[in-house]
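A.B. asks: Supplied in structure tokens, the structure appears directly below.
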Amino acid sequence: MTTGHETAAAPPTKEGGAAPARPPAGPSDDERRRARLSRRWQRDMRWSPYAFVSPFFLLFLAFGLFPLIYTGWASLHQVELTAPTDMNWVGFRNYTRIFDDDFFWNAAKNTLTIGIISTVPQLLMAMGLAHILNYKLRASTFYRVAMLAPYATSIAAASLVFVLLFGRDYGMINWALNQVGIDNIDWQNDKWASQIAVSSIVIWRWTGYNALIYLAAMQAIPQDLYESAALDGANRWRQFLHVTLPALRPTILFTVVVSTIGASQLFGEPLLFDASKGASGGSQHQFQTLGLYLYEQGWVNQHLGRASAIAWTMFLILIVIGIVNYVISRRLRASS
Amino acid sequence: MRARTRTARRRVVVLAAVASLGAGLLAGCADDGKKDEGGSSSGGGGKTKITLGLFGTAGFEESGLYKEYEKLHPDVDIQQTVVERNENYYPALINHLTTNSGLQDIQMVEVGNIAEIVGTQSDKLLDLSKYGKKSDYLEWKWEQATTKDGATVGVGTDIGPMAICYRTDLFKAAGLPTDREEVGKLWAGDWNKLVDVGKQYKAKGPKGTTFLDSPGGLLQAIVSGEKERFYDASGKVIYKSNPAVKDAFDLTAQAAEDGLIGNQTQFQPAWDTTIANSKFAAMSCPPWMLGYIKGKSKPDAAGKWDIAQAPKSGNWGGSFLTVPKSGKNTEEAAKLAAWLTAPAQQAKLFGVQGSFPSTPAAYDSTEVKSAKNDMTGDAPIGTIFAEAAKNIPVQTIGPKDQIIQQGLTDNGVILVTQGKSAKDAWENAVKTIDNNLDQ
């Protein structure tokens, strides 16, 4: 505030420096107006940029920072959704009990396993698809658009269709398995089957998206690299291994990071995969992810304090994952 | 210099314009918000608009009650928003109540949630005892929505007196009686007898069918006939130590283990398909279930169902209408709520929608007495359910009944149909419920 005032006050002296050339009748009306406008101009120059960027920061404060801090505050209390203003200080109890909360660790484990069995095949398939699409193909635009179609579908719609496909008694997948002599699989209630089914929704939805990212990166690889590789006698597979893959390294890293974050936030697919159990992720919580557990504690059981502690723990876990990613990417960059 | 002044002035004008636009936008939002929240703005033509927030199939609109009310009160305009499932409706309602915003003029509350609403939100709700006539309603229904201080924050809509619906054709094929009186006698007074009938059915009934539809349905039926189940009168959670609950669980688990029950979760697509394909012979059946069966059955099932009294009467489902104080038309809304739940209207609702009245005066109306359902042919469903309603015990309900019930079914007995032992299933349910209840 003071600095603003001082700088705003300074210009008149500067302009006033030229003033003595004028008749010494004191500042005329015109001059005073000029001085005032000039002050305004200065202030404008100084503060307007802040005003222009302020919407982002205000929104961030209101919907980003404040909720984050308030969640942290709430996590130190016992507080229920039925009376959110009625807070009972419990210190770190909500955090300490997470250590022996079987449901939390079960959810963490599920998040990890579902994350792995959805991310790894997804990225491998995306790479393969991108490689195929990178060849000269007829109607390649059609294929590229088709790739992206699952991504454009809503999670809810996709999940509901997959639930029907994966039905135990009347689902199409079990029907198809029956044709080749495999007994009905209880997709919703068996631990691994249900996790694979949930992963398949994720894979279906995101493979095309990642394939397009890979494709874009592949098309940026100079053609002459391939030509010289071909001259050296490298076949397509060797070209892929020794030209394409190294060139894609930063892109692969990007997709891995994004997919990891996406996997750790997995929510919609498992929530809708067994709608009757809802947030509990199956009768035995066999596909309850951390996102679901957080939602269950906060919105089904109405324990906002516990949910907040889970949210902050997830936040910390994500930071750790972020650091690990950063370290790995630095190592990779250094080695290349 | 002049140019500079002009730009400066222009800038001021532009800024002012932007500011006022922004303010206008904000104000516009605020205005809209208020309209939606209070639902109090006058609708087209200076009418008083009353909004209702409902879930599931309340059926007020379908049975023409809004139109009738609007005809009686030409200055009123009624609008409703319906959420399909209570699981999605209720958390939002709690959220709106605690922040006193986003509420409709009338909000429906399910019986599983009414204790929590009465216990924690009653200061946000209008006392409706001046509007509804206490003597019209079943006493326990009225009491469920009444606070300790005597404020009645909800008027009862329907109740769910439970009977057993059964397929006459499948019963006949299994060599069981089909007349509803005789069927009722097979298991009168004791759920164990019903399970025994299930064993007879299993021995002789058509292959590929089960006696009952789902473990959840049976457990719900048994438990909802108990006076005390999950909470005792002082409000303590007793579901774990209450022998009535454990016995019900064990009986259901045993029946599931013996293969008398289909391995389904109710209200799921696969369960719907078992209705359509006639895969089970009987199910616990509050009045609203008939509408559900009708919706999911193939046409050839019409008339093949019948209804017998359950071993013990219980109540499954039913709702209340509440009026949040934050609305601007609370007076009008309260009148509408009372009118919608008055005996004459409840009788009409039963005739069309199958929601059974919580007002005994309606039981003698022609609408209830002559009510029929396509699925049950000539069966006098009104009289049958009225009989069941008379025997419903006054039940102690608690704030987290829904969570406990859901834990027992979805994290408990269902596991027995998937090969778990009853003991493991019980432990899984208890662990889940305790974690869910722990604040």
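A.B. asks: Please identify, among A:Phe103, A:Phe315, A:Phe52, the residue showing maximal mean-square fluctuation in a Gaussian network model of chain A using a 10 angstrom Cα cutoff.
C.D. replies: A:Phe52
A.B. asks: Here's another thing I want to ask about it. Round to a whole angstrom and tell me the spacing of the C-alpha centers of region B:350-369 and region A:53-70.
C.D. replies: Here the two parts' Cα centres lie 54 Å apart.
A.B. asks: Report the residue, chosen from A:Gly64, A:Gly305, A:Gly268, that carries the largest GNM mean-square fluctuation when chain A is represented by alpha-carbon nodes joined by springs under 10 Å.
C.D. replies: Judging by the Gaussian network model, the answer is A:Gly64.
A.B. asks: OK, next. Which whole-number percent gives the relative contact order of region A:58-141, counting Cα pairs below 8 Å spaced six or more residues apart? All intermediate terms of the calculation are to be shown ahead of the outcome.
C.D. replies: Values: 27 pairs, mean separation 12.2, N = 84.
15 percent.
A.B. asks: Calculate the length of the line joining the C-alpha centroid of region A:214-247 to that of region A:296-336, in whole Å.
C.D. replies: If we compute the Cα centre of each part, the gap is 36 Å.
A.B. asks: Can you sort A:Leu225, A:Leu266, B:Leu336 so the residue with the fewest Cβ neighbours within 10 Å comes first?
C.D. replies: In increasing order of surrounding Cβ atoms, one gets A:Leu225, A:Leu266, B:Leu336.
A.B. asks: Still on this structure, I have one more. What number comes out for the charge environment of A:Ile114, summing +1 per Lys or Arg and -1 per Asp or Glu over other residues with Cβ under 13 Å away?
C.D. replies: Values: positive: A:Lys109, A:Lys191; negative: A:Glu269.
For residues surrounding A:Ile114, the net value is +1.
A.B. asks: To test your reading of the geometry: what angle, between 0 and 90 degrees and rounded to tens, separates the Cα axis of helix A:191-219 from the longest principal axis of chain A?
C.D. replies: The two axes meet at around 60 degrees.
A.B. asks: If Lys and Arg each add +1 and Asp and Glu each add -1, what is the summed charge of the other residues whose beta carbon sits under 15 Å from the beta carbon of A:Gly72? List each step's numbers first, then the result.
C.D. replies: Numbers: positive: A:Arg93, A:Arg306; negative: none.
Once all neighbours under 15 Å are counted, the net charge is +2.
A.B. asks: Would you order A:His77, A:His303 from fewest to most other beta-carbon atoms within 10 Å of each residue's own beta-carbon? Walk me through the numbers before you get to the answer.
C.D. replies: Details: A:His77 18, A:His303 24.
The most exposed by this proxy come first: A:His77, A:His303.
A.B. asks: Given H placed 1.01 Å from N in the peptide plane, which residues other than close sequence neighbours of B:Gln80 have an amide H under 5 Å from its amide H?
C.D. replies: Hits under the 5 Å cutoff: B:Leu52.
A.B. asks: Further question on the same structure: Considering all projection directions equally, how large on average is the shadow of the alpha-carbon convex hull of region B:282-323, in square nanometres?
C.D. replies: Working: hull surface 16.9 nm².
Convex hull of Cα atoms, orientation-averaged projection: 4.2 nm².
A.B. asks: Hey, another quick one. Residue by residue through region A:138-143, what is 3J(HN,Hα) from phi via Karplus (6.51 cos²θ - 1.76 cosθ + 1.60, θ = phi - 60°)? Round to whole Hz and write x for glycine and proline.
C.D. replies: These are the phi-based 3J(HN,Hα) values: 6, 6, 5, 4, 4, 4 Hz.
A.B. asks: Still on this structure, please answer the following. Give me P(r) over region A:20-128, computed from all C-alpha to C-alpha distances, binned every 10 Å, as integer percentages.
C.D. replies: That works out to 10, 16, 17, 17, 13, 9, 8, 6, 3, in percent per bin.
A.B. asks: Sort largest first and round to whole Å: the equivalent ellipsoid semi-axes of chain A, each the square root of five times a Cα gyration tensor eigenvalue.
C.D. replies: Working: eigenvalues 564, 256, 68 Å².
Whole-Å semi-axes of the equivalent ellipsoid: 53, 36, 18.
A.B. asks: When the convex hull of the C-alpha atoms of region A:77-155 is computed, what volume per residue in Å³ does it have? Mind showing how you got there, number by number?
C.D. replies: Details: hull volume 11.9 nm³, N = 79.
Residue-normalised Cα hull volume stands at 151 Å³.
A.B. asks: Which whole-angstrom value gives the distance between the alpha carbon centres of region B:243-271 and region A:118-184?
C.D. replies: 36
A.B. asks: In whole Hz, what ³J(HN,Hα) sequence does region A:164-179 give by Karplus (6.51, -1.76, 1.60; θ = phi - 60°), x for Gly and Pro?
C.D. replies: Result, rounded to whole Hz: 5, 4, 8, x, 6, 8, 10, x, 6, 5, 5, 4, 5, 5, 4, 4.
A.B. asks: For B:Glu70, B:Glu110, what ranking results if the residue with the fewest other Cβ atoms within 10 Å of its Cβ goes first?
C.D. replies: On the way: B:Glu70 15, B:Glu110 20.
By the 10 Å Cβ count, ascending, the order reads B:Glu70, B:Glu110.
A.B. asks: If you take the Cα Rg of the protein assembly as shown and divide it by 2.2 N^0.38 Å, with N the number of residues, what do you get?
C.D. replies: Working: Rg = 33.2 Å, N = 775, 2.2 N^0.38 = 27.6 Å.
Dividing the Cα radius of gyration by 2.2 N^0.38 Å gives 1.21.
A.B. asks: Right, another one. If you average 1/r across every pair of different Cα atoms in region A:120-199 and take the reciprocal, what Kirkwood value do you get, in Å?
C.D. replies: Working: mean 1/r = 0.0670 Å⁻¹.
After inverting the pairwise mean of 1/r, the radius is 14.9 Å.
A.B. asks: Hey, another quick one. Angle between the Cα long axis of helix B:2-38 and the longest principal axis of chain B, 0 to 90 degrees, nearest 10?
C.D. replies: Long axis of B:2-38 versus the principal axis of chain B: about 30 degrees.
A.B. asks: Around B:Thr210, which amide H atoms from residues at least 5 apart in sequence, or from another chain, sit under 5 Å from its own amide H, with H modelled in the peptide plane?
C.D. replies: Hits under the 5 Å cutoff: B:Phe280, B:Ala281.
A.B. asks: Can you give the Rg and Dmax of region A:144-296 based on its C-alpha atoms, in angstrom?
C.D. replies: Answer for region A:144-296, Rg first and Dmax second: 19.9, 61 Å.
A.B. asks: Counting pairwise Cα distances across region A:25-87, what percent come out greater than 15 angstrom? Provide the component values of the computation, followed by the final result.
C.D. replies: Working: 1391 of 1953 pairs.
Cα-Cα pairs of region A:25-87 separated by over 15 Å account for 71 percent.
A.B. asks: What percentages, rounded to whole numbers, describe P(r) for region B:147-196 computed over all alpha carbon pairs with 5 Å bin width beginning at zero?
C.D. replies: Cα pair-distance distribution for region B:147-196, in percent: 4, 15, 19, 17, 9, 6, 6, 8, 8, 5, 2, 0.
A.B. asks: Dividing the convex hull volume of the alpha carbon atoms of region B:92-151 by its residue count, what do you get in Å³ per residue?
C.D. replies: For region B:92-151, the hull spanned by Cα atoms encloses 91 Å³ per residue.
A.B. asks: Ok, one more. Residues with amide H under 5 Å of B:Thr157's amide H, sequence separation 5 or more or different chain, H placed in the peptide plane at 1.01 Å from N; which?
C.D. replies: Those qualifying (amide H under 5 Å, at least 5 residues apart or on another chain) are B:Ser319, B:Phe320, B:Leu321.
A.B. asks: Moving on. Would you work out the charge dipole size for chain B about its Cα centre, treating the Cβ of every Lys and Arg as +1 and the Cβ of every Asp and Glu as -1, and quote it to the nearest 20 debye?
C.D. replies: Details: 50 positive and 52 negative charges, 330 e Å.
Using only the charged Cβ atoms, the result is roughly 1580 debye.
A.B. asks: Taking the alpha carbon gyration tensor of region B:324-380, what are the square roots of 5 times its eigenvalues, largest first, to the nearest whole Å? Working shown, then result.
C.D. replies: Working: eigenvalues 177, 25, 9 Å².
Ellipsoid semi-axes (Å, largest first): 30, 11, 7.
A.B. asks: With no solvent and one equal point scatterer placed on each C-alpha of region B:313-439, evaluate the Debye formula and give log10 I(q)/I(0) for q = 0.10, 0.17 Å⁻¹, two decimals.
C.D. replies: Reported log10 I(q)/I(0), two decimals: -0.54, -0.97.
A.B. asks: I'd like the Karplus ³J(HN,Hα) series for region B:72-84: coefficients 6.51, -1.76, 1.60, θ = phi - 60°, whole numbers in Hz, and an x wherever there's a Gly or Pro.
C.D. replies: These are the phi-based 3J(HN,Hα) values: 5, 10, x, 8, 10, 10, 9, 9, 10, 10, 10, 9, 4 Hz.
A.B. asks: Right, another one. At a threshold of 8 angstrom on Cα-Cα distance, excluding pairs fewer than six apart, so keeping six or more, what relative contact order does chain B reach in percent? Walk me through the numbers before you get to the answer.
C.D. replies: Details: 805 pairs, mean separation 99.1, N = 439.
Rounded, it is 23 percent for chain B.
A.B. asks: Rg(Cα) of chain B divided by 2.2 N^0.38 Å? Mind dumping the intermediate values first?
C.D. replies: Numbers: Rg = 25.6 Å, N = 439, 2.2 N^0.38 = 22.2 Å.
Rounded to two decimals, the normalised Rg is 1.15.
A.B. asks: Let me ask something else about it. Using only the alpha-carbon atoms, how far is helix B:191-204 inclined from the longest principal axis of chain B? Give it as 0 to 90 degrees, nearest 10.
C.D. replies: Roughly 70 degrees, rounded to the nearest 10.
A.B. asks: Sticking with this one: Placing +1 at every Lys and Arg Cβ and -1 at every Asp and Glu Cβ, with all other atoms neutral, what dipole size does the protein assembly as shown have around its Cα centre, in debye to the nearest 20?
C.D. replies: 3580
A.B. asks: Still on this structure: Partner chain Cβ atoms within 10 Å, averaged over the residues of A:271-283 - can you pull that number for me?
C.D. replies: On the way: counts 0, 0, 0, 3, 6, 14, 7, 5, 1, 7, 0, 2, 15.
Mean shielding count: 5.
A.B. asks: May I ask you to derive the relative contact order of region B:315-394, considering only C-alpha pairs under 8 Å and at least 6 residues apart, and to give it as an integer percent? List each step's numbers first, then the result.
C.D. replies: On the way: 70 pairs, mean separation 14.8, N = 80.
So the answer I get is 19 percent.
A.B. asks: Here's another thing I want to ask about it. State whether region B:310-353 is rounded, prolate or oblate according to the following rule on the C-alpha gyration tensor (a ≥ b ≥ c being the square roots of its eigenvalues): a/c under 1.5 gives rounded; otherwise a/b larger than b/c gives prolate, and the remaining case gives oblate. Please list the in-between numbers first.
C.D. replies: On the way: a/c = 4.02, a/b = 1.89, b/c = 2.13.
Because a/c hits 1.5 or more and a/b fails to exceed b/c, region B:310-353 counts as oblate.
A.B. asks: 222 nm [θ] for the protein assembly as shown, helices only, -39500 (n - 2.57) per DSSP H run of 4+, per residue, to 500?
C.D. replies: Numbers: 33 runs with 440 residues, N = 775.
-18000 deg cm²/dmol, from helical runs alone.
Rule-based calculations on the coordinates, nothing more; no lab input. None of the values given here were measured: they were computed from a predicted structure. Quick reminder, even Gly has a Cβ in these numbers, built from the backbone with ideal geometry, and neighbours come from all protein chains shown.
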